[in-house]
Amino acid sequence: MLRVKVLGGGCTNCKVTYRLIEELAQARGVAVQLEKVEDFQEIMAYDVMSTPCVVIDETVVHRGGLPSREQVESWLADR
Amino acid sequence: MLGWFYKMTKGPIPIYLLLLIAWVALYISLAPLADLIVSFLPVDPASHLGEAIAFFIYDTPKVLLLLSAVVFVMGIINTWFTPERTRSLLAGRSLGLANVLAASLGIVTPFCSCSAVPLFIGFVQAGVPLGVTFSFLIAAPMVNEIALTLLFGLFGWKIALLYLGLGLMVAIFGGLLLGRMNLEKHLEKWVQDIPAKQLSFESEKVAFSQRLTAGSLAVKDVVGKVWVYILLGIGVGAFIHGYVPENFMASFMGKEAWWSVPLAVLIGIPMYSSAAGIIPVVQALLAKGAALGTALAFMMSVVALSLPEMIILRKVLTVRLIGVFISIVASGILLVGLIFNLVL
């Protein structure tokens, strides 16, 4: 089970990122536990400065801006 | 040198070169092409409709081409100025020159207003003075490549430069002033309690081809989002160009009506729009005879201050500090508008 967190204050980019991961994980049949983190104190614990960020198994793999489809697929394929 | 050249040609660079040539060719041929198209239409080129169509057919591809090029280049430049690097450039400096630096970095550092809070905390935590952080926060949304390109494409380089210079001034002096007011105690408690951090910044190795990809992604992302507004803006412009009598707005947004500047700033504060979205309105105002200072002040106010951003910033700033922040930025913009109308 892949534990994925999307960090961000809830702007459009964050929502789109969340949906993109959800959609691609489903399409590939990868089991993920997807979580939105919108609390800034919690977000700051990851020492990031731009959102949305993607955290996989407690490692920040992406910071700032929409990730591309290929990026998301590579995160899902690595496991 | 040769090794570098070899690497360049191995990647997707030739494609980019071809694109560049195509871009230049297209840009040069826009005016004759537009004339040609209009001459085939069953309307008199000298008529209102003819003028409006010619304006639309020429300006739309021109602005879209310009924007694509600028966003591409900025997308590449942005890869050097990550928020982390900008922070390390600003950390530990005192008020003054650092405000100039912060405002300028606000132009080249990628920023979206939903990142305002993590960015703010990241700066403060690293020992960037509050006034310097504010200079950055004022400049970042207001002075950006999209606003500047659109102003350049639609109103010429003078207005674009003026916007750039005045926007930076508001950010620099606004930040300086806020920094002098010792507002640290008006940060939210949990922000004050965040322990200071020792910085270690190491720039990541990024291949040039990755930077190019970042540029292309930026074009796809930005131009894909703002083309609607541009079409709308030029459409409005074309309509005004052909139909509305000049000086229609002059009486109530012209230079003589001094109160129109504060009114424009006040109306602009809660409004939220990207630079692209506001361009149609500015286009309409200017073309109908509104004074330049009034129109620019309105645009700055809409782009720099907005209700959603204040709601986000409320998570780290007390209501009082937000009030001070808004008042100072709004006063700066007001001053810009008034001086502008007075001088020009």
In debye, nearest 20: dipole of the protein assembly as shown around its Cα centre with unit charges on the Cβ of K, R (+) and D, E (-)? 580 debye
Taking R0 as 22 Å and r as the Cβ-Cβ distance between B:K197 and B:R93, the FRET efficiency 1/(1 + (r/R0)^6), rounded to the nearest 0.05, comes to 0.85
From the residues B:I278, B:L130, B:Y243, which one has its Cα farthest along the dipole of the protein assembly as shown in the positive direction, the dipole being from +1 and -1 charges on Cβ of Lys/Arg and Asp/Glu about the Cα centre? B:L130
Per-pair calculated FRET efficiency, R0 = 30 Å: B:V206 and A:E22 via Cβ, rounded to 0.05: 0.55
Looking at the stretch B:107-213, which chymotrypsin sites (Phe, Trp or Tyr not before Pro) are DSSP coil and have at most 16 other C-beta atoms within 10 Å of their C-beta? B:F201
Roughly how many nanometres apart are two label points built 7 Å out from the Cα toward the Cβ at B:A31 and B:V73? 2.0 nm
Please report, in whole Å, how far the alpha carbons of the stretch A:2-77 spread along each principal axis, starting with the longest. 33, 22, 15
Given H placed on each backbone N at 1.01 Å, which residues far from A:H62 in sequence or on other chains put an amide H within less than 5 Å of it? A:V54
Quick one: check the C-alpha center-to-center distance for the stretch A:1-28 versus the stretch B:281-340, whole angstrom. 34 Å
As a test of the formula, what do you get for chain B when each DSSP H run with n ≥ 4 contributes -39,500 (n - 2.57) and the sum is divided by the residue count, at 222 nm and rounded to the nearest 500 deg cm²/dmol? -24000 deg cm²/dmol
Can you tell which of A:Q26, A:G64, A:Y46 lies farthest toward the positive end of the dipole of the stretch A:2-77, using +1 and -1 charges on the Cβ of basic and acidic side chains (Lys, Arg; Asp, Glu)? A:Q26
Would you calculate a helix-derived [θ] at 222 nm for chain A, using -39,500 (n - 2.57) for each DSSP H run of n ≥ 4 and dividing by the full residue count, to the nearest 500? -11500 deg cm²/dmol
In terms of the Cα gyration tensor, with a ≥ b ≥ c the square roots of its eigenvalues, is the protein assembly as shown rounded because a/c is under 1.5, prolate because a/b exceeds b/c, or oblate? oblate
Which angle between 0 and 90 degrees, to the nearest 10, do you get for helix A:12-28 versus the longest principal axis of chain A when only C-alpha atoms count? 20 degrees
Report the GluC sites (Glu not before Pro) located in the stretch A:37-79 that are in a DSSP loop and have at most 12 other Cβ atoms inside 10 Å of their Cβ, or state none. A:E58
Using 7 Å Cα-to-Cβ label points, what is the B:E188/A:T12 separation (nm, one decimal)? 2.4 nm
Any chance you could run the full-extension gain for B:W80 through B:L342? It's 0.36 nm times the residue separation minus the Cα-Cα distance, nm to one decimal. 90.3 nm
Spin-label model distance (nm) - B:D44 vs B:W259, 7 Å beyond Cα toward Cβ: 4.4 nm
The protein assembly as shown - Cys residues lacking any other Cys C-beta under 4.7 Å: A:C14, A:C53, B:C112
Could you run the Karplus curve 6.51 cos²θ - 1.76 cosθ + 1.60 with θ = phi - 60° over the stretch B:69-75 and give me ³J(HN,Hα) per residue in whole Hz, x for Gly and Pro? 5, 5, 5, 4, 4, 5, x
Here FRET efficiency (C-beta to C-beta, B:L266 to B:I311, R₀ 22 Å, nearest 0.05) is 0.75
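Values in this text are rule-based calculations from the coordinates and carry no lab data. Predicted model only: the values in this text are computed from it and were never measured. Here Cβ is always computed from backbone atoms with ideal geometry, including for glycine, and neighbour counts include all displayed protein chains.
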